[in-house]
Amino acid sequence: MSAREAIALVTSDFTELPYPHRSTRPDGPLAWAGYDGARAAATERTGESESVICGTATVAGRPAVLVSFEFRYLGGSLGQRTGDRLEAAYAAAREHRIPLVSLVATGGSRMQEGMVALRQLQRVAAQSALNRAAGLPQLAVVRDPTTGGGWATLGAGADVVLTLPGAQVGFAGSRVRPPDADPAAYSAEGQFAAGAVDAVVAPERLSACLGHWLRLLTTPAAGAPEPPRALGDAVPPATGWDAVHRARSPERPRAEAYLDAYFDSREPISGDRCGGTDDGMLCGVGLRAGRAIAYAAQTGTPTRPAGYRTAARLIRLADRLSLPVLTLIDTPGAAHDAAAERAGAGAAIADVFTAVAAARVPLTSLVVGEGGSGGALALAAPANTWATPDSYFSVIAPEAAASILKRPPEEVPALAGELRLRPQDLVDLGVVRGIVPT
């Protein structure tokens, strides 16, 4: 797929930017023999004068700056003139206050320019940082192939990373990998499974998906989100043990049901960008009454470190883009098996506490099921947490409390009452603001 074919996948309205002019020495900064001839041949082959095309566009009705790589031009490699064009594209996004979308297909830095080429990655990172500071979204569509520094900057460094099915994606290109490397690890699907990519999107869906994301990231709702209405039992529990049983019931509505009822449409983000995913933590951005709200929702399972890191990533992204945040709390507690400990459970939970505490955007939280200890509290808005009638929130599960206090199992139901974990108890204690109606 050429650079212009990639552009045509997402828009029919593209206006190319004027490019900076740079006079260069014969055969480039290293005087690499034959470099000028290689560039001339690449231009004749592709019709392009560099490995990247930049311009303004509308994608599904939403404005953006588009950057599209031409892999047939010296492997889509980044050289000094490529860096000039990318810098101009980031600057145009800041000037027009619009997102930047990169359609990436690159083999990395251009060897014929040596370290001068490699340093372009620093230029890209600096420009990306300026756009982040300006509160402007950055999205990447990873095409085939995307490797090297292009993946490590424009690709993996974007706020939302989409990829086309079957694309080769990875830091190491096919010619420099270890001989025993698993090819699946360097695929779009493999990177998605490893938490480095948010979604694998079919070409025919790409324009609509990108347009939806552009709308979600640029139309924030105002003020704190209203808490969802309760979907389960409307009557608060009579006893603490009753509250625990109802919250643990397999028939109780879960996060998916609450998100579907609350949002008109939504898009997920996936993965912690550290090699992990957790199906027990649903994160993304949704539209409600035409305005965007970010969400992080536990699904009733013990939350794993990757889930907490994904939630922290979501909250920080929302904070930077002025998106209010809704969290749904439902976990018996953080996962505490050996694998979770090795994956940094404590640090991951601390990261969410910090992200919530530092957020400048309003947060709303709703306990929809089990609220087990610090693994649940990490997602709670300190002054704006609510509860459903079929939920509980406790310093620890009653069974674990009995074990710590050396009480016999038959005392667990009574201990649940002593913990004052019912929704109405939480209101009396000032832990939650109220019990939401059905």
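Here are some notes:
- The number of residues in the range 296-334 that are without any contact (Cβ under 8 Å) to a residue 60 or more places away in the chain and within 16 Å of Arg215 (Cβ to Cβ) comes to 1.
- Those residues of the range 248-267 which are acidic (Asp, Glu) and in a loop (DSSP other than H, G, I, E, B), in sequence order: Glu251, Asp264
- For Pro225, the conditions (1) farther than 24 Å from Ser102 by Cα; (2) not assigned by TED's automatic domain parsing to the domain that holds Pro253 all hold with the exception of (2).
- For the range 268-276, the criterion of being in a strand (DSSP E or B) and under 20 Å from Leu363 (Cα atoms) is met by at least one residue.
- For the range 77-92, the count of residues that are in contact with a Gly (Cβ under 8 Å, 6 or more places away or on another chain), buried (at least 16 other Cβ atoms within 10 Å of the Cβ), at pLDDT 95 or above and charged (D, E, K, R) is zero.
- Ile293 meets each of the listed conditions (1) more than 19 Å from Leu377 (Cβ to Cβ); (2) in contact with a Leu (Cβ under 8 Å, 6 or more places away or on another chain); (3) surrounded by fewer than 24 Cβ atoms within 10 Å (Cβ to Cβ) apart from (3).
- Exactly one residue out of Ala134, Ala156 is in contact with a Lys or Arg (Cβ under 6 Å, 6 or more places away or on another chain) and surrounded by fewer than 24 Cβ atoms within 10 Å (Cβ to Cβ): that is Ala134.
- Scanning the range 138-147 for residues that are in contact (Cβ under 8 Å) with a residue 24 or more places away in the chain, in the same structural domain as Arg45 (by TED's automatic domain parsing) and either in contact with a Lys or Arg (Cβ under 9 Å, 6 or more places away or on another chain) or aromatic (Phe, Trp, Tyr) (or both) turns up at least one hit.
- Test: Ala184 is over 20 Å from Ala6 (Cβ atoms) and outside any loop (DSSP other than H, G, I, E, B): yes
The values are calculated or read from the model by the stated rules, or taken from the named source; none is laboratory data. From a predicted model like this one, the values you see are computed outputs, not experimental measurements. Backbone-built Cβ (ideal geometry, glycine too); neighbour counts: all protein chains shown.
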